[in-house]
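What follows is one structure encoded as structure tokens, with my remarks underneath.
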Amino acid sequence: MSDITSASSAIGKLPPKARPAISPLLTFAVVFALGALILAAFGEYIVPYDPVDSSFIPNMPPPALSDVPSLLWGTLTGTAAEPIHWFGTDSSGFDVFSRVLCAPRIDLSIALASNFLAMLIGIPFGLVAGYFRNPLTELMMRVSDVLQSFPVFISAMILVALGGQSIANVIVALSLLYAPIYVRLTRSEVMAQKSKGMVEASRALGQSELMIAMKHVLPNSMGPSLVQSSVTIGFAILLTAGLSFVGAGVRPPNPEWGLMISTGANDIVLGQWWTSVFPGIAISLTVFAFAVIGDALEQRYNR
């Protein structure tokens, strides 16, 4: 009896379960992603120069690191004698710093809109394909498999070429290419949820199959799609930049990261690295941030 009492008191003294600490990497990713979203909304209002103003000296290099403190002081006190181009200018005379900060408006808008449309298309089709098993839904899945069998980049180029080079057509092309991912994710999760007791209980209460699918199965099947959405946004940013790089995406002179890299690619061999390096760093960090957020969401969902 004394052993049971001592064990009970020991259990009562156990420390409460500690919450998992948020990693510095995830903190950086969240802050950077929020910063990119803020720039997408307000970037053109806070940049020092118009991103499509080509009146500056072409191919002006960025300031040297030793000059940055004095330039910062001149900027803060308003005593700067001449325009300061923190990332230099490109061959057209555009300010690279202003264009890098304004580019999220186009890149993130395309990525978020295409991801939202892909989910809007893929999740309902995945619900139908997973809950109602019949030859029509099997045909739906085979069409989805065919769409996924083609290289994404080549398919996007073909769709944009057929529809015309515009931001709206890029969004439509990406949404059609990413929708099969959400179809398959939702379908697999719906098939797992369909065998649970809540579905049988709802049938016993006399609810229709459509009501059961919409009210009980769908809300419990969206976890993998929400996790995937963060990763898909990063892929959409890369694909948008790739399309613009080959001339099939955003039209110049719009500030877009891939277009900026394409414009400055020929200047790298001349030693003018800044026109491509800074937008390339911006793309890498943004995609990395959304990938880290997606990984954190996946770990939380799989607990």
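Of Val160, Val231, Val246, which has the largest mean-square fluctuation in a 10 Å C-alpha GNM of the chain?
The residue that fluctuates most here is Val246.
Only four residue types carry charge here, +1 at the Cβ of Lys and Arg and -1 at the Cβ of Asp and Glu. Report the dipole size of region 196-303 about the Cα centre in Debye, rounded to the nearest 20.
On the way: 6 positive and 6 negative charges, 72 e Å.
In debye, rounded to 20, region 196-303 gives about 340.
Got a sec? Charge dipole of region 96-301, +1 on Cβ for Lys and Arg, -1 for Asp and Glu; which of Ser225, Pro279, Gly126 is way out at the positive end?
Gly126
Pick out which of Ile261, Ile233, Ile38 has the largest mean-square fluctuation in a Gaussian network model of the chain, springs linking Cα atoms closer than 10 Å.
With Cα springs under 10 Å in the chain, the top fluctuation among Ile261, Ile233, Ile38 is at Ile38.
Give me the percent relative contact order of the chain, please, defined on Cα pairs under 8 angstrom at least 6 residues apart.
Details: 399 pairs, mean separation 68.8, N = 303.
Here the relative contact order equals 23 percent.
Expected output is a single nm value to one decimal: the length gained when fully extending between Ala161 and Phe132, i.e. 0.36 nm times separation in residues minus the C-alpha distance. What is it? Walk me through the numbers on the way to the answer.
Details: separation 29, 0.36 × 29 = 10.44 nm, distance 3.60 nm.
Extra length from Ala161 to Phe132 when fully extended: 6.8 nm.
Quick check: net charge around Gly249, other residues with Cβ under 11 Å of its Cβ, Lys/Arg +1 and Asp/Glu -1?
That works out to -1.
Please give the Cα centre distance for region 88-140 versus region 21-45, rounded to the nearest Å.
19
Please label the shape of region 23-109 as rounded, prolate or oblate, based on the square roots a ≥ b ≥ c of the eigenvalues of the alpha-carbon gyration tensor (a/c under 1.5 means rounded; beyond that, a/b larger than b/c means prolate, else oblate). Don't jump to the answer; show the numbers that get you there.
Numbers: a/c = 2.08, a/b = 1.39, b/c = 1.49.
Taking the square roots of the gyration eigenvalues as a ≥ b ≥ c, region 23-109 is oblate.
In whole Å, what is the distance between the alpha-carbon centres of region 180-240 and region 157-177?
Here the two parts' Cα centres lie 27 Å apart.
From the helices alone, meaning DSSP H stretches of at least four residues, give me the mean residue ellipticity at 222 nm for the chain, per-run term -39500 (n - 2.57), in deg cm²/dmol to the nearest 500.
Values: 12 runs with 207 residues, N = 303.
Computed ellipticity for the chain at 222 nm equals -23000 deg cm²/dmol.
Taking 2.2 N^0.38 Å as the expected size of a compact globular protein, what ratio does the Cα radius of gyration of region 96-301 give against it, to two decimals?
Values: Rg = 20.2 Å, N = 206, 2.2 N^0.38 = 16.7 Å.
Against the empirical 2.2 N^0.38 Å value, I get 1.21 for region 96-301.
Which of Gln299, Val246, Val100 sits farthest toward the positive end of the charge dipole of region 96-301, with +1 on the Cβ of Lys and Arg and -1 on the Cβ of Asp and Glu?
Positive-end residue among those listed: Gln299.
Could you size up the charge dipole of the chain around its Cα centre, putting +1 on the beta carbon of Lys and Arg and -1 on that of Asp and Glu, and report it in debye to the nearest 20? Can you show the working numbers first?
Details: 16 positive and 18 negative charges, 303 e Å.
With Lys and Arg at +1 and Asp and Glu at -1, about 1460 debye.
Quick one: among Arg142, Arg187, Arg251, which has the greatest mean-square fluctuation in a GNM of the chain with alpha-carbon springs under 10 angstrom?
Highest fluctuation of the listed residues: Arg142.
Near Glu44, within a Cβ-to-Cβ distance under 10 Å, what is the net charge of the other residues, with Lys and Arg +1 and Asp and Glu -1? Could you put the intermediate results ahead of the total?
On the way: positive: Arg105; negative: Asp50.
For residues surrounding Glu44, the net value is 0.
Would you mind checking which residues have amide H under 5 Å from Thr89's amide H? H placed 1.01 Å from N; only 5 or more apart, or other chain.
Placed amide hydrogens put Asn59, Met60, Val96 under 5 Å from Thr89.
Values in this text are rule-based calculations from the coordinates and carry no lab data. On a predicted model such as this, the values are computed, not experimentally measured, just so you know. Because the Cβ atoms are built from the backbone with ideal geometry, glycine has one as well, and the counts that use them run over all protein chains shown.
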